[in-house]
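S.K.: Provided herewith is a single structure, encoded as structure tokens, for subsequent inquiry.
No lab work stands behind these numbers, since they all come straight from the coordinates. Since we're looking at a predicted model, the values are computed, not measured. No Cβ is skipped: glycine too gets one built from the backbone with ideal geometry, and neighbour counts run over all protein chains shown.
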Amino acid sequence: MPIHKRAPVSSSFISSPSYAGLVAEIICEELIPGLEELFPLTGEITHSFDVSDTPGGWHLVWLDKAFEFEGVQHAHLMVAPRWVARPLKLEESVPVHIRFVPNVALVELGAPDIEALPLAGKGLVTISEDED
């Protein structure tokens, strides 16, 4: 499967609330060296996952434009609120953790092992409704 293909939707592992279909703009704060020039990035939230140690869940963002980093193409990122008291909200910048999704197959069968996804850093995410 091409890496730029959108991960298929499966209701068996979507958390509540789901932000699927919303647009996410990701701005960097503290990223691993070499990533800063790639941001801001935008994309569509395609899945929301309940993860036991992350209140507010993790959210898969299908990027509008894939990028290459250290020889790996990335078309998806995972984001999660950094603090319980600051969940994702429409039109509000929220501090998040950002992880790479080097292979979208890692999330196709259910909530991924977050610790297995490489850490990209920290940033801010603002979500909004698609204006199309």
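S.K.: Report the full-extension gain for the segment Val72 to Glu92: residue separation times 0.36 nm, less the Cα-Cα distance, to one decimal in nm. Don't jump to the answer; show the numbers that get you there.
M.R.: Working: separation 20, 0.36 × 20 = 7.20 nm, distance 3.09 nm.
So the chain would gain 4.1 nm between Val72 and Glu92.
S.K.: For the stretch 45-126, state which GluC sites (Glu not before Pro) are in a DSSP loop and have at most 13 other beta carbons lying within 10 Å of their beta carbon. Walk me through the intermediate numbers first.
M.R.: Values: sites: Glu68, Glu70, Glu91, Glu92, Glu108, Glu115; in loops: Glu70, Glu91, Glu108.
The qualifying sites are Glu70, Glu91.
S.K.: Which semi-axis lengths, in whole Å and largest first, follow from the square roots of five times the eigenvalues of the Cα gyration tensor of the stretch 62-132?
M.R.: Numbers: eigenvalues 91, 49, 31 Å².
Taking √(5λ) for each eigenvalue gives 21, 16, 13 Å, largest first.
S.K.: I've got another one for you. Most exposed first by the Cβ proxy, i.e. fewest other Cβ within 10 Å, how do Phe69, Phe49 rank? The partial results should precede the final answer.
M.R.: Numbers: Phe69 15, Phe49 20.
In increasing order of surrounding Cβ atoms, one gets Phe69, Phe49.
S.K.: Based on the mean of other beta carbon atoms within 10 Å per residue, what is the order of 76-82, 116-122, most packed first? The partial results should precede the final answer.
M.R.: Working: 76-82: 23.0, 116-122: 16.0.
The most tightly packed comes first, giving 76-82, 116-122.
S.K.: Over the stretch 11-128, what portion of Cα pair distances is larger than 23 Å, expressed as a whole percent? Present the calculation step by step, with values, prior to reporting the outcome.
M.R.: Numbers: 1318 of 6903 pairs.
Pairs farther apart than 23 Å: 19 percent.
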